[in-house]
Every structure is written in structure tokens, then in C-alpha cells.
Amino acid sequence: MTSDKLGDIMKDIYVKRLNRILSILFSEIKELDDNERDLPLRWSIMHMYTTSQIAKIIALKRDLDPELAGLIAAMHDIAVIKTKSTKNHAIKAQNYVIELIDLYNNKIRKNLPAITKEEKEIIIEAIIHHSEKNVKTDNKYIELIKDVDSFDRYLHGIKTTDVFMERCRYIYQDLFFND
């Protein structure tokens, strides 16, 4: 592919809000420790960053908003960080996500655009349903985070079988077979 053709298909993406949210999350996480956690914080940090990057790539492939996809991915396991537990973390995430978005919108964003009410609803809905890997929906952002979460586990060497592997195949299809 020539550089001219590549330039024609490359889209400008805006991710400054995502970067700000990631910096807020990282600053909160770095003050915590691993005591009584289901998962080490280093895993949560890696997973937060890598899923947000993968989500942006897949969003571009699926013609979705890459920053919105990245925001969902960055926050999808926020309850694991806050509660130290993976149990029911998707459902428990809602209040933490609202708190983080409100902090961003009201105190941290400065001259960056706010996360809108509609975007907030999309983010929350995707996050609270991301653990339902065996349930198919028509919501493209819910399906994206389920797929990305599964694929990231695989890329980090976590044993991946059954529905997680099926979701990895969707990402593989997007990356290598769909134009």
C-alpha cells in the first residue's frame, strides 16, 4: 500500500479525554497496594492500558468512535481496582464510573470537552455488561469491550478457552480478514 493510499484511510483520532482519564486512574492506582486483592495492581494497570489501545484499533475497524471505545476499556475493570475483588465487578462498576466521569467533567478536564450524558450512558452500559461474554447483544460497544477484554487476556498469556476464545476469533477476523 502506498503512503498516499494509507493517508486516505487513516483518520484523525481525538483521544485527549481518554489520556486524561488514564492519568487520573494511574494516579489513583499508584497509591494503592496489593494487600487482599484478587489480582495484582500491575495486572490492572497493564490491562487498563492495553485494552484501551486494542479498543481504539478495533473501534476504527468497526467504524465506532475510538476514544469512546478507549474510555470504556480504560474503565471497564475500575471496580476490581476499587473493591480489590473480581466478584460482580462489572455490576459494581457503575458508581465508580459515574464518580470518575463527574470528577473529569467538573474538576480535571480544564479546556477539554466534557464527556456527554449520552457518552456516559454508553460507557456505563458497556461496562456493566462486559462480563456477560456468552450473551450476544446488538450494542456494538458492549460487544467491542467483551471481545477486547477476552483478546487482551489471551495476549497476556492467560489460559483462554470457550467463549473467551470465540471472542478472540472476532478480533482476529477484524484484524486479518474484514476490509
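Search region 138-170 for residues being of a type in the set (Ser, Thr, Tyr) and under 13 Å from the mean Cα position of the chain (by Cα), and hand back the single one that is farthest from Ile72 (Cα to Cα). Outline the logic, then answer.
Narrowing region 138-170 to residues of a type in the set (Ser, Thr, Tyr): 141, 150, 154, 160-161, 170.
When the remaining residues are screened for being under 13 Å from the mean Cα position of the chain (by Cα), the result is 141, 150.
Numbers: Tyr141: 8, Ser150: 14 Å.
Residue satisfying both the conditions and the ranking: Ser150.
Answer yes if at least one residue in region 47-55 is touching a Gly at 6+ places or on another chain (Cβ under 6 Å), buried (at least 16 other Cβ atoms within 10 Å of the Cβ) and either part of a loop (DSSP other than H, G, I, E, B) or not aliphatic (A, V, I, L, M) (or both), and no otherwise.
In the first step, residues of region 47-55 are kept if they are touching a Gly at 6+ places or on another chain (Cβ under 6 Å); the result is 52, 55.
When the remaining residues are screened for being buried (at least 16 other Cβ atoms within 10 Å of the Cβ), the result is 52, 55.
Within this subset, residues satisfying the condition of being either part of a loop (DSSP other than H, G, I, E, B) or not aliphatic (A, V, I, L, M) (or both) are 52.
Yes: one or more hits.
Quick one: would you say Leu100 is farther than 22 Å from Ile142 by Cβ and surrounded by 14 or more Cβ atoms within 10 Å (Cβ to Cβ)? Talk me through it step by step, then tell me what you get.
Working: farther than 22 Å from Ile142 by Cβ: no; surrounded by 14 or more Cβ atoms within 10 Å (Cβ to Cβ): yes.
No.
Looking only at region 121-152, which residues are surrounded by fewer than 18 Cβ atoms within 10 Å (Cβ to Cβ) and either more than 22 Å from Lys92 (Cα to Cα) or in contact (Cβ under 8 Å) with a residue 24 or more places away in the chain (or both)? I'd like the intermediate steps shown before the answer.
So in region 121-152, the residues surrounded by fewer than 18 Cβ atoms within 10 Å (Cβ to Cβ) come out as 121, 125, 132-140.
Within region 121-152, Glu132, Lys133, Asn134, Asp138, Lys140 meet the criteria.
Pull out all pairs, ordered by first then second residue, where Cβ-Cβ is under 6 Å, the residues are six or more apart or on different chains, the first lies in region 160-179 and is under 18 Å from Asn134 (Cα atoms) and in contact (Cβ under 8 Å) with a residue 40 or more places away in the chain, and the second is crowded, with 17+ Cβ neighbours inside 10 Å and small (Gly, Ala, Ser).
Correct list of pairs: empty, since none qualify.
Answer yes or no as to whether Leu100 is under 18 Å from Ile24 (Cβ atoms), touching a residue at least 60 places away in the same chain (Cβ under 8 Å) and not in a helix (DSSP H, G or I).
Numbers: under 18 Å from Ile24 (Cβ atoms): yes; touching a residue at least 60 places away in the same chain (Cβ under 8 Å): yes; not in a helix (DSSP H, G or I): no.
No; evaluated as a whole, the condition is false for this residue.
When you scan region 51-59, do you find a residue that is touching an Asp or Glu at 6+ places or on another chain (Cβ under 6 Å), polar (S, T, N, Q) and modelled with pLDDT of 95 or more, even just one?
Yes: region 51-59 contains one or more residues that are touching an Asp or Glu at 6+ places or on another chain (Cβ under 6 Å), polar (S, T, N, Q) and modelled with pLDDT of 95 or more.
Being more than 16 Å from Val15 (Cα to Cα) and more than 15 Å from the chain's Cα centre (by Cα) is the filter here; which residues of region 99-124 pass it? Working first, answer last.
Kept after step one, since they are more than 16 Å from Val15 (Cα to Cα), are these residues of region 99-124: 99-100, 102-103, 106-107, 117-118, 121-122, 124.
Within region 99-124, Glu99, Asp102, Leu103, Asn106, Lys107, Lys117, Glu118 meet the criteria.
The values are calculated or read from the model by the stated rules, or taken from the named source; none is laboratory data. Just so it is clear, the structure is predicted and the values come from calculations on it, not from any experiment. FYI the Cβ positions are ideal-geometry reconstructions off the backbone, even for glycines, and counts take in every protein chain you see.
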